[in-house]
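Values quoted throughout were computed directly from the atomic coordinates according to the rules given, and no laboratory measurement underlies them. Predicted, not measured: the structure shown is a model, and the values here were computed from it. For neighbour counting, all protein chains shown are included, and Cβ atoms are generated from backbone atoms with ideal geometry for every residue, glycine included.
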């Protein structure tokens with residue numbers, strides 16, 4: 001079924017990768033099974049929950065709905081890449097999620113963080129409505145979302161207009 | 001309430017860093033040798049006439065195939081005395097387990113399923129709990145569909161259901177000036193934790209190791225040992241990081257499948273991970289059909305409440321206490337009514353199993369009683385606040401009044417301890433701005449074209465989380481440097497239990513939180529907690545036992561230190577890594593001196609001359625103090641001092657906007673009012689109130705378990721067709737927390753620092769949306785979820 005392999009070259013969390021992969025696998029399988037980066041979660045596998053969200057070329061995408069080969073030449077960022085590689089310091093988003101109880105069971109957390117990361121990269125001071133807009137595809141069953149929104153707001157230092 | 005260093009201060013969860021960095025390893029993040037797929041029944045009710053697995057077994061990569069013919073002749077010993085085989089020739093719901101394959105990967109296992117030939121004999125099926133009770137209904141079990149209460153030993157027949165009664169209900173209805181009777185149909189709700197169900201097992205030399213997404217690891221180990229007839233000492237259950245539970249990750253039959261397959265492939269790690277669609281069909285809150293009848297005098301004083309309930313618990317309803325019906329007094333004792341009767345039956349149908357879900361039976365009781373109270377108030381011309389203020393019990397009240405007359409739940413008679421319901425109600429209505437928004441029955445608070453706004457209230461007596469410490473033990477080690485390690489079987493599933501337990505210990509010992517660690521999520525800790533992450537019990541009950549373990553450790557330290565001052569151990573203080581004689585602070589010395597000078601090389605600790613006595617040397621040889629405690633065998637109920645019941649009032653208020661053209665209900669604001677007694681970790685308590693309220697909104701408006709009888713298929717297998725709340729769906733949720741403790745009580749006597757359960761307290765609240773819609777439209781909806789279709793039909797019905 002997955003006998004056809006294909007070469008792929010991309011960057012993940014700042015690290016250049018050149019691999020021979022099965023042509024039919026998803027980016028999620030590439031990340032979790034081939035690269036064994038287990039921080040990215042699979043909550044449904046069919047694009048409904050957002051737990052597998054990663055950032056590809058600056059855009060938050062569902063890894064389960066993306067073919068691995070679409071990562072060719074791309075810059076991929078997963079939750080493992082949020083920490084500063086030089087200092088090990090956490091990203092402000094990660095700090096804020098800890099401080100503001102933005103994570104409970106933690107299963108949706110990597111996906112939410114990656115959606116928020118993509119948002120803050122293009123809009124460093126989003127309004128609350130913009131934050132809610134960005135994470136609407138990320139389902140969370142624990143928090144009621146308010147602490148997540150509060151954490152993202154805290155990490156962004158508040159909206160420019162606030 | 002802030003004269004404490006640790007307790008009462010919002011504290012980040014211990015595992016938050018692991019979770020935000022992606023380092024937390026959930027079960028599906030662990031490598032397996034073999035993957036499992038399950039063949040599910042295509043019929044809701046059938047017998048397996050024959051099953052041929054030969055082709056599947058000869059497929060390259062297949063290592064083991066399991067069918068009902070290869071089951072051990074044993075049942076899973078839930079507290080249920082129905083047949084609970086892992087696989088059976090009698091299939092009872094769509095998706096019931098026909099066969100399972102372990103193979104080198106999931107694709108191979110899936111391919112093997114296609115090669116299994118099964119001949120089914122379809123049987124007539126039943127899906128409605130009331131229909132299932134009829135004598136001529138298809139039988140999910142040969143002996144009938146009503147369900148045995150846990151306490152009945154096997155073979156003693158089926159029970160008459162659950163009955164709680166006090167006073168004289170018939171007399172109470174005679175005394176009433178107004179009686180309202182109404183029926184309700186409360187739909188199922190799926191737990192829908194983001195982490196799908198997953199279990200991995202390995203047998204190695206008669207030792208079974210399991211990595212499992214569970215909220216009841218102790219129970220699972222006990223049941224596995226019983227099922228496989230091996231000592232519990234040969235079973236290890238790992239459950240470190242769990243991606244949400246809400247009742248859905250209590251023990252379930254599917255978890256035994258990888259354990260059985262692993263026994264056929266010794267030494268291999270065999271993993272079963274359910275797909276989202278399969279995970280959505282493992283358990284659900286049961287559907288409940290209820291009839292409520294409430295009587296009152298003209299002044300609003302209630303004279304009698306009667307509730308009859310039938311719960312559809314599906315084919316294998318396996319709630320541990322034996323019943324999804326009134327397994328606690330939650331909801332039953334909400335009102336100080338002199339006469340009441342609560343009657344319930346759990347009924348098997350050909351739906352997939354019902355399981356306990358956050359606040360278990362309370363949503364049904366609350367929906368039926370609160371709705372009927374509102375209808376009664378409307379008839380009497382009383383507003384929703386007044387009728388509740390009038391009939392709410394208070395601190396010290398005997399509940400039920402006069403004690404139980406019928407009591408199949410075996411709840412104790414007693415008095416409420418602290419019960420500030422009226423104060424809570426007062427604060428909640430303040431926050432929703434009740435006085436300016438409530439314009440009377442049939443009077444929406446605002447009208448804008450087709451849009452009607454309304455507000456509503458709901459109140460309920462929830463349980464306090466303090467009970468069943470019989471199934472709990474805990475241990476705390478105080479190291480020679482004064483730091484502490486907690487051993488508890490409480491299960492962290494995201495609610496912050498491990499953090500809160502460490503906070504209790506840090507506070508009690510007067511040491512920094514960073515000096516306390518916890519060994520949990522691993523049955524090798526030796527800790528036991530049968531109830532685990534259920535019933536809002538861990539902080540209060542495990543916390544209570546844990547603080548007693550801390551006291552046990554302190555006692556040992558006091559006894560060791562007392563002879564220095566020729567004092568009684570009770571005169572010795574232990575706090576902040578120091579020991580001293582009470583009222584003599586100058587005698588204080590660091591705790592590590594009790595163990596020997598830890599800064600010195602180990603050998604120096606044995607130098608003669610620095611010890612006072614042989615006993616001292618022996619003490620210094622001890623690496624640390626081990627404090628232990630276990631729950632009292634008889635302590636299964638929620639009494640303190642054999643007299644006071646630990647419960648808590650919860651009040652919710654909501655404002656909604658209903659579009660009478662589309663039927664869409666938009667929640668605008670929700671206020672939750674709970675009584676956590678004392679918040680150990682306030683941000684954590686808030687997280688529980690918000691999360692529970694969000695699930696209540698989902699239950700009220702969007703979450704619907706649908707089954708297509710013609711296609712024999714559940715239509716709620718994903719997040720598109722089973723809509724859990726999204727960030728856009730939610731209104732502002734304001735949280736009110738009332739704190740009050742019994743100042744005369746030590747932190748380890750009864751509730752730990754006065755803390756009451758937090759996990760489930762707002763999850764029952766779907767009815768508050770019905771209350772607000774009632775105000776907006778003048779129509780009382782009697783079912784959930786309250787979809788646009790339900791709203792429009794109710795409006796049509798009224799017009800007709």
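Highest mean first, the peptides A:133-142, B:519-528 sorted by other C-beta atoms within 10 Å per residue fall in the order A:133-142, B:519-528.
Overall size of the stretch B:24-121 from C-alpha positions, given as principal axis extents largest first: 36, 36, 23 Å. Suppose the Debye formula is applied to equal point scatterers at every Cα of the protein assembly as shown; what is log10 I(q)/I(0) at q = 0.05, 0.06, 0.10 Å⁻¹? Per q value, in the given order, log10 I(q)/I(0) is -0.30, -0.44, -1.24.
Averaged over peptide B:710-719, the number of partner chain Cβ atoms lying within 10 Å of each residue's Cβ comes to 2. Just the Cα atoms of chain A, one point each, no solvent: what log10 I(q)/I(0) does Debye give at q = 0.12, 0.13, 0.15 Å⁻¹? Treating every Cα as an identical point scatterer, log10 I(q)/I(0) equals -0.51, -0.59, -0.77.
Projected onto their three principal axes, the Cα atoms of the stretch B:151-278 cover extents of 72, 36, 22 Å, largest first.
If the viscosity is 0.890 mPa s and the temperature 25 °C, what Stokes-Einstein diffusion coefficient in µm²/s follows for the stretch B:723-800 when Rh is the Kirkwood radius over Cα pairs?
Numbers: Rh = 16.4 Å.
Rounded to a whole number, D works out at 150 µm²/s.
Taking only the alpha carbons of the stretch A:81-162, we obtain Rg and Dmax values of 11.9, 35 Å in that order. Among B:431-437, B:241-247, A:110-116, sorting by the average number of other beta carbon atoms lying within 10 angstrom of each residue, highest first, gives A:110-116, B:241-247, B:431-437.
Mean projected area of the convex hull spanned by the Cα atoms of the stretch B:1-65, taken over all viewing directions: 10.6 nm². Averaged over peptide A:73-79, the number of partner chain Cβ atoms lying within 10 Å of each residue's Cβ comes to 1.
The convex hull defined by the C-alpha atoms of the stretch B:167-213 has an orientation-averaged projected area of 8.5 nm². Across the stretch B:366-423, C-alpha contacts under 8 Å between residues 6 or more apart give a mean separation that, scaled by the residue count, equals a relative contact order of 33 percent.
Divide by every residue of chain B the summed helix terms, -39500 (n - 2.57) for each DSSP H run of at least 4, and state the resulting mean residue ellipticity at 222 nm, rounded to the nearest 500 deg cm²/dmol.
Numbers: 19 runs with 182 residues, N = 800.
It lands at -6500 deg cm²/dmol.
Taking label points 7 Å from Cα along the Cα-to-Cβ direction, residue B:571 and residue B:793 give a separation of 7.7 nm.
Taking 7 Å steps out from each Cα toward its Cβ at residue B:69 and residue B:47 produces label points 1.6 nm apart. Principal axis extents of the Cα atoms in the stretch B:366-418, from largest to smallest and rounded to whole angstrom, are 36, 24, 17. Based on DSSP H segments of at least four residues, each scored -39500 (n - 2.57), chain A has a per-residue ellipticity at 222 nm of -7000 deg cm²/dmol.
Peptide packing: for A:77-89, A:24-36, B:751-763, B:449-461, the average count of neighbouring Cβ atoms within 10 Å per residue gives the ranking B:751-763, B:449-461, A:24-36, A:77-89, highest mean first.
Compared with the dominant Cα axis of chain A, that is its longest principal axis, helix A:146-156 is turned about 90°.
Considered as an equivalent ellipsoid built on the Cα gyration tensor, the stretch A:5-81 has semi-axes of 17, 14, 11 Å, the largest given first.
Within 10 Å of each Cβ of B:23-32, how many other protein chain Cβ atoms are there on average? Walk me through the numbers on the way to the answer.
On the way: counts 4, 9, 2, 5, 0, 5, 8, 1, 3, 0.
Per residue, the number of nearby Cβ atoms from other chains is 4 on average.
Working note: Debye formula, equal point scatterers on the alpha-carbon atoms of the stretch B:209-350, no solvent; log10 I(q)/I(0) at q = 0.10, 0.16, 0.22 Å⁻¹ is -0.51, -0.94, -1.38.
Of the two radii for the stretch B:654-736, the radius of gyration is 1.09 times the Kirkwood radius, both from the alpha carbons; that is the Rg over Rh value.
Spread over its residues, the convex hull of the C-alpha atoms of the stretch B:317-436 is 147 Å³ per residue. Spin-label pair residue B:54-residue B:481: with each label point 7 Å from Cα along the Cα-Cβ axis, the two points sit 6.7 nm from one another.
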